[in-house]
1. Any residue that is buried (at least 20 other Cβ atoms within 10 Å of the Cβ), polar (S, T, N, Q) and under 22 Å from Pro27 (Cα atoms) - is there at least one of those in segment 203-224?
2. If the Cβ limit is 8 Å and pairs must be 6+ apart or interchain, which residue in segment 165-189 that is more than 16 Å from the ligand (Cβ to nearest atom) pairs with which residue that is of a type in the set (Lys, Arg)?
3. Residue by residue through segment 330-375, note down the ones that are among the aromatic types (Phe, Trp, Tyr) and surrounded by fewer than 19 Cβ atoms within 10 Å (Cβ to Cβ).
4. In this structure, does Ser428 turn out to be under 30 Å from the mean Cα position of the chain (by Cα) and touching a residue at least 40 places away in the same chain (Cβ under 8 Å)?
5. Looking at segment 127-142, can you tell me whether even one residue there is surrounded by 23 or more Cβ atoms within 10 Å (Cβ to Cβ), away from the ligand (no atom under 14 Å from the Cβ) and not basic (Lys, Arg)?
6. Right, Val113: assigned to a strand (DSSP E or B), more than 16 Å from the ligand (Cβ to nearest atom), under 30 Å from Val32 (Cβ atoms) and assigned by TED's automatic domain parsing to the domain that holds Asp243 or not?
7. So, Gly183, is that one at positive phi, crowded, with 22+ Cβ neighbours inside 10 Å and modelled with pLDDT of 95 or more or not?
8. Evaluate the following for Gln41: is it crowded, with 16+ Cβ neighbours inside 10 Å and out of contact with any Phe, Trp or Tyr (no Cβ under 9 Å at 6 or more places or on another chain)?
Amino acid sequence: MNTSLDLLSAAGAFLALGGLGAAQDGPSMALVNDMLREVSQARLTESVRALQDFETRYTFSPGNTDAGDWLYDAFRSLGLEVERHAFTWGTQSEENVVARIRGVSRPGELVLVSGHFDSTSETPGVLAPGADDDASAIAGVLEAARILKDYHFQRTVEFVCYNAEEQGRRGSIAIARDYQAAGRDIVAVVNSDMIGYWPSGWERDLDVAYEPVSEWLADHVLSVVHRYVGIPAAKHLSGMCRDDHVSFTARGIPAVSTMDCWDAHNGGSETTPHYHRTTDTLDTLNLECMTQVVQVNLAAVAELAGPIGRAFMPYCTATPNSTGEAARITARGSARISLNDLTLVAQPVPDEPFVFFLGPNQVELPFGDGLLCVGGGLTRLLPPRVASDYVATRVLDLPSLGITLRVSHNFQCWFRDPAAGGAMFNTSDGLSIAFLP
Ligand SMILES: [Zn+2]
């Protein structure tokens, strides 16, 4: 397996066909299908549960602040750039949470995937679980971030969690205004508001709300539905469904909202009966349908951003060490040499000396209590350090490592493990990284 060669051939085909117009070529669709296979209903469920467990995320409640902090930490732990976007209206000050994967060739062009993290109910200060509205979308945004972070894209992807939607789209109005004022080029916004409630008879009846300026984007989403997921779907002019996308379309920025509830606003029965009630909880959601809508959003955004190839690929295996678990190696930051912001992380490992090393080949050979996953002339990142709180980290200086772009670079962590007896040392699994300039 050589991911960097796959990457280069995908990028070559992509660029040869003229850039983003080639988003539907074979290599790109194969990449997007790889991404969609990673969407996890179990993880989406856990995210909705975590969000409703704040009891309320009502804009003026402590739970809202806590939920914002939780989202910030969740993006950070994925290794993404993340920031709080502060805004005010009247005497109120609130924050949106924004995470980012920087684009390779068109970093100034932004594709947003978004939802709102605040909630409301009849008793908003006390209890407003907001599972469908709108933990469902935020869970999808987190899942998209978790998957897309492992890939390179032409354009920058931003994962945006708006605050204060229930007070009149305050957070999205502020983002649209501030980005436009700063001259930031938003190519498209794929927003979601309520994607978890699918009553019998309306299963998978995906609705895409758009404005005239974003009809092409609605058509793109429907095309993605057709090519990747295959569920009933239709586009509708926003009408009463003035969700966060309208904050952008009002400024001429293409934006749509995917949702489960179109007929709710048109006298039908498709919406959740728990809308803005304390009973809008996880157990009322159809998580299988919700997972498919998250796949639609992810594929729409990935194609808009122009997938180039996979940046990070785990391989090989690790054996349990004296912490009781096997150590996994991951990376924070990007595989971009020019950004030079990559940190290797291995955990859990015992609080003992460790060394990360890299090499050109992937092997699986017995080594200490585990396996050697890297071969072909190893480079050790010295000096050894000592793990702390069961985590080994090392900031890489990519220019000094002699990284080249046309071979695969494989990384692994070695650590002492005297408490396990045996060979007194063990290893993590392997991580293959395909670098770009
Ligand atoms: Zn909502």
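1. Looking through segment 203-224, none of the residues is buried (at least 20 other Cβ atoms within 10 Å of the Cβ), polar (S, T, N, Q) and under 22 Å from Pro27 (Cα atoms).
2. Final answer for the pair search is Ala176/Arg251; Arg177/Arg251; Gln180/Arg251; Val187/Arg155.
3. Phe357, Phe367
4. So Ser428 fits the description; yes.
5. Yes, the conditions are met somewhere in segment 127-142.
6. The answer is no for Val113.
7. no
8. Taking the combined requirement at face value, the residue does not satisfy it.
The values are calculated or read from the model by the stated rules, or taken from the named source; none is laboratory data. Worth saying up front: this structure is predicted, and the values here are computed from it rather than measured. Counting neighbours? That spans all protein chains shown, and the Cβs are built from the backbone with ideal geometry, glycine included.
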